[in-house]
Structures are given as structure tokens and as C-alpha cells.
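Here the structure comes first, spelled out in C-alpha cells, and everything after it is commentary.
The values are calculated or read from the model by the stated rules, or taken from the named source; none is laboratory data. All of these numbers come straight from a predicted model, not from anything done at the bench. FYI the Cβ positions are ideal-geometry reconstructions off the backbone, even for glycines, and counts take in every protein chain you see. Ligands, DNA and RNA are excluded from the accessible area calculation, which covers all protein heavy atoms including side chains. Shrake-Rupley method; radii C 1.70, N 1.55, O 1.52, S 1.80 Å.
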Amino acid sequence: MIFGEKETDIIEHLQLFYMTGLQRIALLPSPNPELENILDKVCNQEKWNNWVNSADKSAPPPDFYSDEFKIMLDVMRVNDHEHKGKKGKLYNPSMAHERQMLKELEQSGILAQFPGAKVFLNGDTQLPTYEDHNYNLYLKCFRRVISKHIDSIPLYQKNHPGYKVIFLVFDESSAYFESEQPIDTKKQLQKGEGMSGRPHFFFLDDDFLNAFIDKGIDYLFWYTPYKLFEYITPPLELPTLCVYDLTTKQIQCKTYTYDSRKMSSVEI
């Protein structure tokens with residue numbers, strides 16, 4: 001099975017990061033002792049024993065809940081590849097390639113030697129950058145996925161009355177930046193060629209924040225393990241995990257707006 005297809009894969013990945021990467025966690029707002037407490041109840045492997053896994057399709061939503069802590073959690077994945085195909089259905093070329101790679105591994109007999117192994121794949125679509133992934137696809141996917149789960153909050157609350165609601169967003173997108181000029185989507189940068197601009201602080205982007213602030217969510221975990229700036233001056237590290245306290249209905253931080261015409265993935 002490809003990593004990430006089971007909700008428990010994402011929880012385990014997050015908890016491993018929590019054990020080793022505290023310096024790359026942003027609490028919004030901060031300081032916030034209550035948010036630190038919620039973070040520990042989800043990411044501390046020992047405290048996770050107080051949670052019940054109800055992610056099976058036959059189980060009532062959400063994916064996880066804790067009677068001990070009176071909180072519940074739903075896991076969701078977002079990406080910057082997904083778009084509508086010729087027949088109007090959503091299509092993810094990267095995921096399609098990964099499934100093909102998995103099929104080839106299964107047919108080769110290699111996977112049979114490692115029963116139960118989690119397979120990490122990186123499906124290179126060979127598409128030009130803008131066709132493969134872009135800011136607009138990213139934002140549309142984020143809004144669609146978040147909205148779908150927000151619509152289910154009344155059902156979560158019916159199943160677990162009085163429990164706080166946590167959304168865990170596993171974000172598989174790359175890092176982005178806003179260039180000084182609109183992007184020419186037909187032009188590919190040559191090897192060694194650079195472009196100036198400002199980094200995309202996704203966690204403070206108004207267009208993304210408006211998708212989940214004041215929508216009935218109590219806490220949101222935004223986990224982004226693949227947002228890396230490898231070639232940037234001066235060096236920059238974005239937070240890998242952002243945790244929001246949404247009970248106040250505002251994050252009390254400076255936010256930003258970006259011009260979608262100028263946005264590009266750093267993977268160009």
C-alpha cells in the first residue's frame with residue numbers, strides 16, 4: 001500500500017516529526033498553553049493510546065476520537081496536482097503515476113518480499129511545471145477538501161456531542177513563491193537560471209485562511225513536510241507543522257495576499 005492511503009500512516013508520520021522537529025512547529029496564535037496541550041494530546045504517542053480509530057469506512061465519522069480528552073479529529077489530504085480531466089472528473093496525474101509504479105513493483109515480486117511494508121513513491125509526471133502543479137490547483141484543492149469536511153461537522157457533533165473538533169490537513173504540495181512579474185506558463189527556466197520574488201507564507205495566506213477560519217473548526221493542524229526551499233538567498237525554513245486555535249475565530253497575526261498570476265512552485 002502506498003504511504004498516506006491510510007489515516008494512521010499520516011498520524012504516525014506526524015508523531016515521528018513531533019519527536020524530532022519541535023523547532024519547526026508554529027502555534028497560531030502564540031504563546032498558547034491550550035494549543036500546546038492539544039498538540040501534545042495528538043502527537044504524543046503515549047497519549048495517543050487514549051484515542052479510538054474509527055477511520056474504517058463502516059465506522060461513524062470522524063476518523064478518530066478520544067473519550068478521555070473529549071476531542072475528535074478528522075484527517076484529510078490536499079495537493080497541488082489535482083485538476084478536472086476531459087470528462088470533468090477530478091484527476092491527479094502524480095497519484096496515477098504512483099499507482100502505476102506500485103503495480104509494476106507488485107508484478108516484479110519485490111513487494112512480496114516485504115509484506116506489510118509502506119511504500120513511499122514520488123510519481124514524476126514529466127509534465128511542464130505549470131501543467132503538473134500550480135498555485136491555482138493548490139488553492140482549489142485546499143478549498144474543496146476543507147469545505148467537504150466542514151459540511152460533515154454537524155454529523156461529527158451528533159456522534160460525539162460536546163467534543164472539540166480538530167482538522168488534520170496533510171499537505172503534499174511543494175513550496176511556492178511570488179515572482180516580481182506574472183509567470184509565463186509557456187516558458188520553462190533553463191538549468192542554472194533563477195528568478196527573484198518573495199516566498200509564499202502559506203500559513204498566513206488570506207485565501208487559504210478564509211477556507212477554515214470561523215467555520216466551526218476548533219483546532220487545525222496543517223502538516224507540510226514537502227515545502228522546502230533548497231535554493232534561496234538568504235536561506236529560509238518554513239514551519240513544517242502549523243497549529244491554529246480557531247476557537248477565537250481569528251489568529252491575531254499579520255496575514256498576506258498573493259497575486260495568483262505571479263505564483264510558481266519552487267520545483268521549476
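If you go through region 18-36 one residue at a time, do you hit one that is of a type in the set (A, V, I, L, M), over 16 Å from the mean Cα position of the chain (by Cα), within 19 Å of Gln250 (Cβ to Cβ) and assigned to a helix (DSSP H, G or I)? Yes - at least one qualifying residue is present in region 18-36. If only residues of region 37-60 that are more than 21 Å from the chain's Cα centre (by Cα) and at pLDDT below 95 are counted, the one that is most open to solvent (accessible area, probe 1.4 Å) is Lys57.
Mind listing whichever residues of region 145-163 are of a type in the set (Lys, Arg), more than 16 Å from the chain's Cα centre (by Cα) and closer than 18 Å to Leu209 by Cα? Hits for region 145-163: nothing passes. Selection over region 192-228 of residues that are more than 17 Å from the chain's Cα centre (by Cα), surrounded by 13 or more Cβ atoms within 10 Å (Cβ to Cβ) and closer than 19 Å to Tyr256 by Cα gives a count of 2. Scanning region 237-252 for residues that are surrounded by 15 or more Cβ atoms within 10 Å (Cβ to Cβ) and over 21 Å from the mean Cα position of the chain (by Cα) yields no hits at all.
Regarding region 181-196, can at least one residue be identified that is under 21 Å from Cys253 (Cα atoms), at pLDDT 85 or above and not aliphatic (A, V, I, L, M)? Taking every residue of region 181-196 in turn, none turns out to be under 21 Å from Cys253 (Cα atoms), at pLDDT 85 or above and not aliphatic (A, V, I, L, M). Please pick out the residue among Ile38, Ile11, Ile25 that is under 18 Å from Tyr223 (Cβ atoms), in contact with a Pro (Cβ under 8 Å, 6 or more places away or on another chain) and of a type outside the set (Ser, Thr, Tyr). Result of the check over Ile38, Ile11, Ile25: Ile25. The lone criterion from (1) over 27 Å from Gln15 (Cα atoms); (2) open to solvent by 10 Å² or more (accessible area, probe 1.4 Å); (3) in contact with a helix residue (DSSP H, G or I) (Cβ under 6 Å, 6 or more places away or on another chain) left unmet by Pro234 is number (3).
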